[in-house]
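Everything on this sheet refers to the single structure shown next.
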Amino acid sequence: MEQSKLDQVKKYIPCYKPMEKLPEGLTIEDVKQMFYDICLIREFDLKAKDKWRSGKIGGFCHAYYYAEAIAVGACKALNPDDYITSTHRGHGHVLAKGASPDYMLAELYGKVEGYNKGKGGSMHLADVDSGIMGATGIVGNGIPPATGAGLSAKMKKNGKVSVSFFGDGATNQGTFAECLNMAAAWDLPVIFMCEYNQWGIGTDFHRVSREHDIYKRGIGYGVPSVQIDGFNVFEVYEAMKEAVARARRGEGPTLIEAKFMRLLGHHVGDDQSYRTEEDINDIAVLYEVEPLVRTREFLIEYGVDPKEVEGIEQKAVDRILRSVEFCENECTEPTLDTLYVDVFADGEIII
Amino acid sequence: MPKYLVLPKIGMNMEEGVITEWLVNIGDYVEKEQMVVRAETDKSIQDMFATDSGIVHKFLVEVGDTVPCQEKIIMLLEKGEAPPADDAVPAAKATAGPAKEEAPVATISAPQPTGAPISKDGRIRISPLAKKVAKEMGVPLDKLYPSKEGHRIVKADVLRISEELKAAPAVPTATKGEAKGYTPLSGTRKVIASRMRESVAKKPRVALTTTVNCENLMSFRNMLKDTQKIGYNEIMLKACAAALRTFKDLNIITHEDGIITECDMNMGIAVEGANGLVVPVIKDVDRKGIFEISTEFLSLVDKARNGNLSMDEMSGGIFTISNLGSYGVESFDPIINAPECFILGVGAMIKTPVVIGDEIKVQTCMKISLSFDHAIVDGAPASKLLQKIKTLLENPIMMLA
Amino acid sequence: MSKKTVREALNEGIREEMLRDEDVFVIGCDVGVRGNPFGVTMGLGNEFGFDRVIDAPISEPSFTGMAIGAAATGMRPIVEIMFSDWITLSSDQIINVAAKMRYMFGGKVEMPVVIRIPMGAGGGQAAQHSQCLEAWFNHIPGLKIIAPYEPADCKGLLKSAIRENNPILYFEHKRTYALKGEVPDGEYLVEIGKANIRKEGTDVTIITYSAMVKTCDAAAKKLEEEGISCEVIDLRTLLPLDYETVINSIKKTSRVVVVHEAPVRGGIGSDIVAEINERAFDYLDAPPLRVGSLNIPVPYNLTLEAATLPSVDSVMNAVKKVMSNE
């Protein structure tokens, strides 16, 4: 990459790092799988956006694309039974952790077959069987439950770790500071994964904080903390691998600041009126370093047949098409007799 | 402030008593320590003393109730003291004796509009506003009833009834000075009254009378009596059901602007209940034997006399028998028990000269009159029904056919 | 007088008060550059500067508490909580500080803070973006609660609220932002604590507020066609509640239905019905009824959501029930 472009990239992502070599512990087949996952998330959200715009999906729908490196890199380092908590922008976490796009999309369609039986929607996707302890629509609201999952793992001595995904906005919530402190004090197996996309809806993070290096906040609480290139799936994987190993050894939490840039609106209907045209032009260079583009480049440079790479992308597209067909042809609307179901345990209904 | 008598604890282990008899009446003045109630305790039936003095205003429990010791059983007032404002006159409980006033309410069959306001727990179901307005207008609560059975009495009902009361000639002024007394209709009486008026107003009735030769009927009954005690009423119930069953078009009751057809053979019989006329109903009489009918009938009569008939036991009839023969009445045309369309008035069995062949013989006969709702049923089919009843009563064996 | 939306009326109210009193400022997430997600504070940042229309970090508990502190020291803050569901985050500062500071400190502190709270369900926003939590605060002595509907009331009550020296929770309904109505230009105040009889009637009183006013209007219109005359009261202020208007109406109609979007159990309606029973028992011809959402979290699926919320039909059914005397 030419220097001027590189400078421009580093203006927004100071810790930018090229994807040069295969990380230790990963084979090229792993990378192909990770590329497929990135494509799957991308395609899922492109379709979700379409379907939201055509009225098939209600409520708020926050797209994850361009952040795929974080979900995919992080979940690659986890066991299937480890815990994660997600955010309002959570489709990527849920897919990367192993949930089926069929039941996820069915949930967005509000169908009975959806992971939440049509009661949660986009912002509350959860698949407890895959360790996905759910997405929350409130910023900073998933951090304490994730830390709590770490506490339970420690108390049960089951060797599990817990990852809380959250954005930079959440680092200004009290829950972030409070949980960093407790996780550090008690050596809880928790990884605080900050998806630093630099925008809280229409508010630039830099306007509402003085210290822009979020990882430093972790250090203040005695938590090993690291800043990485959030567009680079290998960087995320390696940081996570180390953090997970530390957690499993009983040495407590890690804060990972994965810095990148939100290249799209807050939700799929957001016109981004608060971003100037100048800003938007200025960040255009980042499309060259976004995770799908870079991972594809890596595969080709590594020597994988471009036709095979294309095939992987097509496979993801086809997979999501099958999910759409599933939702539109095979799923059913919930009936009104389910309204009071699941408010209380053991089938109890209190009107 | 009213005072209360409680059920005293008169034995070490006594926890409760079953009230068996009141020894005082409403309005009586009782002295403390005076015996006021007879109750069954864990040991025996014993008389219980008054725990205070005053005038008996109200019984708070009923005969038959199991009452824990120290529970209030009688409300006492001082002479001239007004009852408390929230004294909603739970009529059933305020009346001495075993009768439950809600029972007669139940003589009303389901589709009928009017009804009495007293719910099963003996409370008058009335809105706070209606109660207040009634008080302000001087309309006694026991004169109120809702516009539709089972509904709450509301302000509109008070206004309507107040108008009715004004319109009705109360005690004629001319005789007011000499009048010995005036008693407003009680809840039960009022229900009967309104039902009778309603029936007369809505069901133009014609009575057809015929004479039944009772000779075979008497032998038939004697035959049955050897096995089980049987009265004529039970046989007549069976005969009427058997007759009615052969006229499918007449198995009807009226409902709003139409009729309900294909009704079950549920037969009612007028009985003198604890508080007046009640009509217990025996279900599916056509499918039951006379002994079975009799057992059921006697049990219902017993309940009627004690005021214990349930709503279910008084509803669903399609035909009523009213037998005044035992009082020597020769014949009469009773008022139809709406929404039914027929009622059979049964007269006394009387020795009558009868022409048989060319001879005059003395035989026992009785007159029966079938009142029918001419709005719904024509004379010819009603006559055929009466004829069939007569045939069956004269040849009871034919009921088997 | 000109036609304005609720959004514009609120914006105008804030703007006029900011012009009138330089101690008035706005703080909340995305209120400045973006003008809040619903456009209520649009343009205010450019006009008054981003020092007076402050984009806060996502730190509701603390920026609410800070506004409370600023109020106690001479400012007149308007806080915005983007979705009412998140008022839970700020509730410690509201309940334990704002509501009690004056009393605890012997009356020596003023608390002129207004907390604006967009609330309500619709469109599948699901369980954490749909709630109406006004009843929680009704339980807290020291707070006032406003929940208007008409654009003019939105402006007039917001201006009055900003001038009050008490902490006020000002609930706006997201579904009403685009509602249009005549709004007086310039100075226009609506007294806090006064209900508005929207429509007179003789048979039954329907008491409601916020977006449910629209539902009740529609129900009353249909009921009128069926021969039931409804009196519709828009409470506008929930605390203090205008019981004089409520009781006078009940004296006339003797029947009452209370309607709100929040769940029935523990809702404002429960409190209103209790007060009616205490103050107007002798004027009732039927038990007062409450209509509200089902007692469940708001579900995402649109059919389930619609069945959870009160509707024109559910209001009509309740009115028919109180009219039936059954």
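The values are calculated or read from the model by the stated rules, or taken from the named source; none is laboratory data. All figures in this text were calculated on a predicted structure; none of them were measured in a lab. All Cβ positions, glycine included, derive from the backbone under ideal geometry; neighbour counts span all protein chains shown.
For this structure, a couple of remarks:
- Residues of the range A:168-211 that are at the interface with chain C (Cβ under 9 Å from one of its Cβ atoms) and hydrophobic (A, V, I, L, M, F, W, C): A:A170, A:I201, A:F205, A:V208.
- Taking the range C:33-86 as the range and being part of a helix (DSSP H, G or I) and among the charged types (D, E, K, R) as the test, the residues that pass are C:E47, C:E60, C:D85.
- Against the conditions (1) modelled with pLDDT of 80 or more; (2) surrounded by 18 or more Cβ atoms within 10 Å (Cβ to Cβ); (3) of a type outside the set (F, W, Y), B:V18 satisfies every one except (2).
- Against the test of being over 20 Å from the mean Cα position of the chain (by Cα), assigned by TED's automatic domain parsing to the domain that holds C:A127 and under 22 Å from C:S160 (Cα atoms), the options C:F105, C:F25, C:F63 yield a single qualifying residue, C:F25.
- Test: residue in the range A:245-258 that is out of contact with any helix residue (DSSP H, G or I) (no Cβ under 6 Å at 6 or more places or on another chain), under 26 Å from A:C61 (Cα atoms) and not basic (K, R): no
- Any hit, the range C:64-86, residues being modelled with pLDDT under 95, within 13 Å of chain A (Cβ to nearest Cβ) and within 24 Å of C:E150 (Cβ to Cβ): no
- Qualifying residue in the range B:212-221 (condition: of a type in the set (K, R) and either touching a strand residue (DSSP E or B) at 6+ places or on another chain (Cβ under 8 Å) or surrounded by fewer than 16 Cβ atoms within 10 Å (Cβ to Cβ) (or both)): no
- Taken across the range C:12-25, residues that are without any contact (Cβ under 8 Å) to a residue 40 or more places away in the chain, surrounded by fewer than 21 Cβ atoms within 10 Å (Cβ to Cβ), within 14 Å of chain A (Cβ to nearest Cβ) and in a helix (DSSP H, G or I) do not occur at all.
- Meets criteria (within 12 Å of chain A (Cβ to nearest Cβ), surrounded by fewer than 21 Cβ atoms within 10 Å (Cβ to Cβ), under 30 Å from C:N295 (Cβ atoms) and free of Cβ contacts under 8 Å to residues at least 60 places away in the same chain) for C:D92: yes
- Some residue of the range A:308-326 being outside any helix (DSSP H, G or I), over 30 Å from A:T147 (Cβ atoms) and not β-branched (V, I, T): no
- The residue list B:K225, B:K190, B:K202 contains one member that is over 30 Å from B:L141 (Cα atoms) and of a type in the set (K, R), which is B:K225.
- Residue count for the range C:39-52, restricted to those that are within 12 Å of chain A (Cβ to nearest Cβ), within 16 Å of C:V79 (Cβ to Cβ) and within 24 Å of the chain's Cα centre (by Cα): 1
- Meets criteria (under 28 Å from A:H124 (Cβ atoms), of a type in the set (G, A, S), in contact (Cβ under 8 Å) with a residue 12 or more places away in the chain and assigned to a loop (DSSP other than H, G, I, E, B)) for C:G123: yes
- All told, A:G218 meets the bar of being at negative phi, of a type in the set (G, A, S) and without any contact (Cβ under 8 Å) to a residue 40 or more places away in the chain.
- Meets criteria (surrounded by fewer than 20 Cβ atoms within 10 Å (Cβ to Cβ), modelled with pLDDT of 95 or more and not small (G, A, S)) for C:I197: yes
- From A:F176, A:F234, residue being at pLDDT 95 or above and under 21 Å from A:H91 (Cα atoms): A:F234
- Only one of the numbered conditions (1) assigned to a helix (DSSP H, G or I); (2) under 15 Å from A:P291 (Cβ atoms) is violated by A:Y64, and that is (1).
- Some residue of the range A:48-65 being among the acidic types (D, E) and modelled with pLDDT of 95 or more: no
- Among residues of the range A:125-140 being facing chain C (nearest Cβ under 8 Å) and surrounded by fewer than 24 Cβ atoms within 10 Å (Cβ to Cβ), the one that is farthest from the chain's Cα centre (by Cα) is A:I138.
For every residue, the table says whether it meets (1) on the phi > 0 side of the Ramachandran plot; (2) surrounded by 22 or more Cβ atoms within 10 Å (Cβ to Cβ).
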position: C:V53; (1), (2): no, yes
position: C:P61; (1), (2): no, no
position: C:M66; (1), (2): no, no
position: C:G74; (1), (2): yes, no
position: C:P77; (1), (2): no, yes
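- Filtering the range C:126-147 to residues that are in contact (Cβ under 8 Å) with a residue 60 or more places away in the chain and away from chain A (no Cβ under 14 Å) leaves C:C132, C:E134, C:A135, C:F137, C:N138, C:L143, C:K144, C:I145, C:I146, C:A147.
- When the range B:273-292 is limited to residues that are surrounded by fewer than 22 Cβ atoms within 10 Å (Cβ to Cβ) and among the aliphatic types (A, V, I, L, M), the one that is farthest from the chain's Cα centre (by Cα) turns out to be B:A274.
- Single unsatisfied condition, A:Y66 versus (1) touching a strand residue (DSSP E or B) at 6+ places or on another chain (Cβ under 7 Å); (2) more than 14 Å from chain C (Cβ to nearest Cβ); (3) aromatic (F, W, Y): (1)
- Here C:E182 passes the criteria (1) buried (at least 23 other Cβ atoms within 10 Å of the Cβ); (2) assigned to a strand (DSSP E or B) except the one numbered (1).
- Scanning the range C:295-321 for residues that are surrounded by fewer than 20 Cβ atoms within 10 Å (Cβ to Cβ), more than 14 Å from chain A (Cβ to nearest Cβ) and in contact (Cβ under 8 Å) with a residue 60 or more places away in the chain yields C:V312, C:K320.
- Selection from the range B:311-333 of residues that are surrounded by 22 or more Cβ atoms within 10 Å (Cβ to Cβ), touching a Leu at 6+ places or on another chain (Cβ under 9 Å) and in a loop (DSSP other than H, G, I, E, B): B:I318
- Filtered by the rule that a residue be surrounded by fewer than 16 Cβ atoms within 10 Å (Cβ to Cβ), more than 9 Å from every other protein chain (Cβ to nearest Cβ) and touching a helix residue (DSSP H, G or I) at 6+ places or on another chain (Cβ under 7 Å), the range C:269-294 gives C:E275, C:R279.
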